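Reviewing the structure listed below.
Since every read-out is calculated from the coordinates, none of them should be taken as a lab result. As the structure is a prediction and not an experimental result, all values here were calculated from the model. Note: ideal-geometry Cβ built from the backbone for every residue, glycine included; neighbour counts use all protein chains shown.
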Amino acid sequence: MSRAVWLALAGAIGITVSTVGTNGAEPRPSLVDGKELLRLCRLNKGICQGYIAGVADVMSTVGAIHGYASCVPPTVTVKQHAAVVVKWMEAHPDALGSTAHTIVAEALAQAFPCK
């Protein structure tokens with residue numbers, strides 16, 4: 001994996017963990033919103049996939065982000081995760097002002113609901 005993908009993944013995990021912590025502190029604002037994530041996904045698939053994989057990993061560890069939980073089958077690839085999220089963003093342009101991690105969480109929850 002390239003250095004850019006690892007940096008994107010580390011950033012996604014750090015940003016997402018800061019918003020789902022249980023210490024009662026006010027969450028930090030996200031550095032990336034949906035508009036920026038969609039722009040990045042169109043510009044650099046590695047950074048896009050790294051960010052989305054980071055959010056998906058956090059979701060699988062903590063269970064939910066902002067109330068969105070997903071049950072993604074283990075056979076789904078990072079590339080498929082990203083395709084689901086990009087398709088969701090393109091179908092919901094009105095939601096692109098939200099934080100990127102919330103958008104990823106909602107897209108994955110809708111595509112892979114827990115039964």
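Some observations on this one:
- Förster-model FRET efficiency, 30 Å R0, residue 31 and residue 62, C-beta, rounded to 0.05: 0.95
- FRET E, pair residue 69, residue 45, Förster distance 22 Å, beta-carbon r, rounded to 0.05: 0.25
- All lysines inside 20 Å of residue 79 as judged from Cα atoms, apart from same-chain residues fewer than 8 positions distant: 35, 45, 87
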